[in-house]
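The values are calculated or read from the model by the stated rules, or taken from the named source; none is laboratory data. Every value quoted in this text rests on a predicted model; they were computed, and no experiment measured them. FYI the Cβ positions are ideal-geometry reconstructions off the backbone, even for glycines, and counts take in every protein chain you see. Surface accessibility is based on the protein's heavy atoms, side chains included, excluding ligands, DNA and RNA. Shrake-Rupley method; radii C 1.70, N 1.55, O 1.52, S 1.80 Å.
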Amino acid sequence: MTAPWGPPIDVLPLLVREEQALIGVLSDLRTPEWALPAHGGWTVHDVTAHILGLKLRRLSRDRDGHFADGTSWVSACRQLSPEVLFAMLVDSTTQLTELWKHRDLDKPAEAPLWLTVARDYAEQWVLHQQVREAVEAPLLDEPEFRTPVVDTFLRSLPQTLRPVTARTGRQVACSVEGAGRWTARATAAGWTIDRGAATSRTPLASMTTDADAFWRLCSGTLPAAEASARVRLSGDPAVCEILLSLRAPAA
């Protein structure tokens, strides 16, 4: 049976490069720039602390078997100077890559480990771009870095489409300029998705947009006024509404 989440996404070669690119941006910041507003009421310092927290929690859970609840990480990190926060981030670099190198990312599970790694990468990449925009640095949006993010976000589409009842073989098409084309297909067991699969001439619904608009849509940072102009939808209105509300899944 075809897995609902589609073929693997390999982001391992990108993890260290993305981390190093972020460190390169942060290393050039002056102290006042760490206080610049970024997103959702957070500063550059806050977003960086959140990125570090995601990495450290993943290491603690998946490498060390340590599970604990906590929601005050970013607030606690406000007590740290930019220099201390930066040093902690540098120290964590490559540790996750080393962790995943020694795991079987294709091991059968409710959701494969490669999807967890891809979701982590996608979430951290989005936060990285928020830092870059706040300090007016060029985005790290070359296709090799950005396309896996788009691909990962679309892998949540089969789950998002669960409430939609459609006969076997009906399709939902997503075309993202600068990234590729994806097709979700209804099966007897539910929805599946594949990249580059042929799409029928009359899909149940379709979405066409560009890669920049898509990742912003899925991260909840695309203004509604822009969404109507940059995301083109057609087909079943209820399915189109689902496509427009597509959000990145929690890693």
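Restricted to the stretch 130-147, and to residues that are without any contact (Cβ under 8 Å) to a residue 24 or more places away in the chain and out of contact with any helix residue (DSSP H, G or I) (no Cβ under 6 Å at 6 or more places or on another chain), which residue is most open to solvent (accessible area, probe 1.4 Å)?
Kept after step one, since they are without any contact (Cβ under 8 Å) to a residue 24 or more places away in the chain, are these residues of the stretch 130-147: 136, 138-139, 142.
If we keep only those that are out of contact with any helix residue (DSSP H, G or I) (no Cβ under 6 Å at 6 or more places or on another chain) too, we end up with 136, 138, 142.
Values: E136: 165, P138: 100, E142: 85 Å².
The residue in question is E136.
Quick check, is T209 free of Cβ contacts under 8 Å to residues at least 40 places away in the same chain, open to solvent by 50 Å² or more (accessible area, probe 1.4 Å) and not aliphatic (A, V, I, L, M)? Show your work before the answer.
Working: free of Cβ contacts under 8 Å to residues at least 40 places away in the same chain: yes; open to solvent by 50 Å² or more (accessible area, probe 1.4 Å): no; not aliphatic (A, V, I, L, M): yes.
Spelling it out, it is not the case that T209 is free of Cβ contacts under 8 Å to residues at least 40 places away in the same chain, open to solvent by 50 Å² or more (accessible area, probe 1.4 Å) and not aliphatic (A, V, I, L, M).
Which ones in the stretch 156-209 are over 21 Å from P249 (Cα atoms) and under 21 Å from the mean Cα position of the chain (by Cα)?
E177, G178, G196
Among the residues of the stretch 5-43 satisfying the criterion of being among the small types (G, A, S) and in contact with a strand residue (DSSP E or B) (Cβ under 8 Å, 6 or more places away or on another chain), which is most open to solvent (accessible area, probe 1.4 Å)? Talk me through it step by step, then tell me what you get.
Here is the first cut: in the stretch 5-43, the residues among the small types (G, A, S) are 6, 21, 24, 27, 35, 38, 40-41.
Within this subset, residues satisfying the condition of being in contact with a strand residue (DSSP E or B) (Cβ under 8 Å, 6 or more places away or on another chain) are 6, 35.
On the way: G6: 13, A35: 70 Å².
Per the stated criteria, the residue is A35.
For the stretch 94-119, which positions are loosely packed, with under 12 Cβ neighbours inside 10 Å, without any contact (Cβ under 8 Å) to a residue 40 or more places away in the chain and among the charged types (D, E, K, R)? Break it down into steps so the answer makes sense when it comes.
Here is the first cut: in the stretch 94-119, the residues loosely packed, with under 12 Cβ neighbours inside 10 Å are 101-102, 104, 106-110.
When the remaining residues are screened for being without any contact (Cβ under 8 Å) to a residue 40 or more places away in the chain, the result is 102, 104, 107-110.
Within the stretch 94-119, D104, K107, E110 qualify.
Please identify the pairs in which a residue from the stretch 29-48 that is among the aliphatic types (A, V, I, L, M) has its Cβ atom under 6 Å from the Cβ atom of a residue that is outside any helix (DSSP H, G or I), counting only partners at least 6 apart or on another chain.
A35/T43; V44/L36; V44/A38; V47/A38
Mind listing whichever residues of the stretch 148-159 are closer than 29 Å to L29 by Cα and either open to solvent by 10 Å² or more (accessible area, probe 1.4 Å) or in contact with a His (Cβ under 6 Å, 6 or more places away or on another chain) (or both)?
Pass one, the stretch 148-159, residues closer than 29 Å to L29 by Cα: 148-150.
Correct list: P148 only.
Just for the stretch 229-244: of the residues that are open to solvent by 60 Å² or more (accessible area, probe 1.4 Å) and out of contact with any strand residue (DSSP E or B) (no Cβ under 7 Å at 6 or more places or on another chain), which one is nearest to L115 (Cα to Cα)?
Across the stretch 229-244, the extreme among qualifying residues is E241.
If you take the residues of the stretch 164-188 that are touching a residue at least 60 places away in the same chain (Cβ under 8 Å) and out of contact with any strand residue (DSSP E or B) (no Cβ under 7 Å at 6 or more places or on another chain), which of them is surrounded by the most Cβ atoms within 10 Å (Cβ to Cβ)?
V164
Looking at the stretch 65-93, which of its residues are part of a loop (DSSP other than H, G, I, E, B), within 23 Å of S27 (Cβ to Cβ) and open to solvent by less than 100 Å² (accessible area, probe 1.4 Å)? Working first, answer last.
Quick first cut of the stretch 65-93, residues part of a loop (DSSP other than H, G, I, E, B) only: 65-72, 78-81, 93.
Now narrow it down to the ones that are within 23 Å of S27 (Cβ to Cβ): 78-81, 93.
Within the stretch 65-93, L80, S81, T93 meet the criteria.
Looking only at the stretch 94-121, how many residues end up being at pLDDT below 90 and not in a loop (DSSP other than H, G, I, E, B)?
Total meeting the criteria: 0.
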